[in-house]
1. From (1) of a type in the set (Asp, Glu); (2) more than 26 Å from TYR439 (Cα to Cα); (3) surrounded by 15 or more Cβ atoms within 10 Å (Cβ to Cβ), pick out the condition that doesn't hold for ASP193.
2. For the range 64-182, which fully contained strands (runs of 3 or more DSSP E) count at least 2 residues that are within 16 Å of the ligand (Cβ to nearest atom), of a type in the set (Asp, Glu) and touching a Lys or Arg at 6+ places or on another chain (Cβ under 7 Å)?
3. Considering each of ASN170, ASN222 in turn, give the residue that is surrounded by fewer than 21 Cβ atoms within 10 Å (Cβ to Cβ) and among the polar types (S, T, N, Q).
4. Looking at THR70 and the list (1) closer than 26 Å to TYR248 by Cβ; (2) polar (S, T, N, Q); (3) surrounded by fewer than 17 Cβ atoms within 10 Å (Cβ to Cβ), which single condition is not satisfied?
5. Kindly establish whether SER233 is surrounded by 22 or more Cβ atoms within 10 Å (Cβ to Cβ) and not hydrophobic (A, V, I, L, M, F, W, C).
6. Show the residue pairs meeting these rules: Cβ distance below 8 Å; 6+ apart or different chains; first residue within the range 364-391 and more than 27 Å from MET19 (Cβ to Cβ); second residue aromatic (Phe, Trp, Tyr).
7. Since VAL352 meets every condition but one in (1) closer than 30 Å to VAL431 by Cα; (2) within 16 Å of the ligand (Cβ to nearest atom), which condition does it not meet?
8. What's the total number of residues in the range 21-71 that are at pLDDT 95 or above, closer than 30 Å to LEU331 by Cβ and not aliphatic (A, V, I, L, M)?
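The values are calculated or read from the model by the stated rules, or taken from the named source; none is laboratory data. It should be emphasised that the depicted structure is a prediction, and the values quoted were computed from it without experimental measurement. Every residue, glycine as well, gets a Cβ built from its backbone with ideal geometry; the counts of neighbours run over all protein chains shown.
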Amino acid sequence: MKKECIKEMIGKTPILKKMQAAEEVIWLNPDKISFADAKNSCELAMADIEDAEARLQRFAPFIMKCFPETEARGGIIESVLTEIPNMRNRINEKYNSHLQGRLLLKQDSHLAIAGSVKARGGIYEVLKHTEELAVANGILKVTDDYAKLAEPECRKFFAQYTIQVGSTGNLGMSIGIMSAAVGYQVIVHMSADAKQWKKDLLRSHGVTVIEYQADYSEAVKNGRKQSDENPMSYFVDDENSRNLFLGYAVAAKRLIGQLEEKQVQVDAEHPLFVYIPCGVGGAPGGITFGLKQVFGDAVHCFFVEPVQAPCMLVGMSTGLHNAISVQDIGLTGLTHADGLAVGRPSGFVGGVMKPLLSGEFTVQDGKLYDYMRDVLETEDIFLEPSACAAFQGPVKLENSPRTQEYIAQNALEEKIRQATHIVWATGGSLVPEEIREEYRNTYLPEE
Ligand SMILES: *Cc1c(COP(=O)(O)O)cnc(C)c1O
């Protein structure tokens, strides 16, 4: 963006001034409207989520065959929902948070195959493409047992095709591992911040990893270019993919039963607050989209981003979406939070979130390690630092003026006592022990 435009933008959007100074902020979305009014403005609907859910069900026998660790759930890749009362006490004592309702953790950190939320969108997109290719070429009917796709002649068919993706790490792992399982050639274009252990793990699955000195956008750009040059190659577009988005959205439907199991009521009297770390926006956007379809106005969704890489917040608060980057306002886009080091948000997701999202929190990197140690000490659950960004939500919700404003605006003063809060833990189980040890010993000064 041009310098003068940015100056003007900052004048019009006061929160940008604080964000430029890398201060933690809380933003309430002024464009949120009732779900009944928002519902029809989106190109996607509940029927699309149901279609995605049915597709994942069709693939379950195949997934079970390729990944025996999914047998217990019949080939369905789903994570547990865990109540974390000790962490709730820790938050209230250590951060003076006054959180009143129950606190639950959605452990996508422990999703099978990819160990992160990317096991939802990334794997779904690979499977959808696989179904399309196989059906179009007459080797599969949707009424077949999809376990047949694991047979050698099918794998030979898929080996003619290539899948490519740009990634900061976790998306590459989910696309890479699943694509390799189907039999595709896979190329993952990794940005400079991607961790060595992730590259090593992918290479051990036979994936080609191309490394870039630049950030995520550059890796995506090159990946797309290489893929476009090859007619047998398919590029997974994290910024615009409806498929990825719908893969994430299926999470909401599966949450219904899990909440019932925990005897959590969600309705006008019993609000549900959900906090999700945000990178380019696909994962938190898809999950939020699904949750709004399922729970409507009873669910309040907030994204959390690092202070140096709040791309979605820059895009949504200015209304410029993907026409502005965090670098445009002088931030580095660099963060310890893997998967969140994104400078420019998805324009598609920003548009869908405009009438649905409640707001956003930003968080300093140092706190990610504090929250990580807190949840490890109190609940014995390991999460990667980026996943811990979500704790900024419950920590701040009932002890800051901005969020009190939200509670008042939505007439939740009485209801907040019987609210439930879900921290969406987006990754962690694949982090090797020596890296965990490093994380446990990382302390950053306040910025
Ligand atoms: C990718 C990722 C996110 C955010 O997802 P986006 O689709 O990039 O917004 C959050 N947490 C972790 C651990 C991730 O890998």
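1. Here ASP193 clears every test but (2).
2. In the range 64-182, no matching strands (runs of 3 or more DSSP E) lie anywhere.
3. Working: ASN170 fails: surrounded by fewer than 21 Cβ atoms within 10 Å (Cβ to Cβ).
None of the others qualify; the one that does is ASN222.
4. (3)
5. The answer is no for SER233.
6. Cβ pairs passing all conditions: LEU376/PHE382.
7. (1)
8. Looking only at that region, the number is 7.
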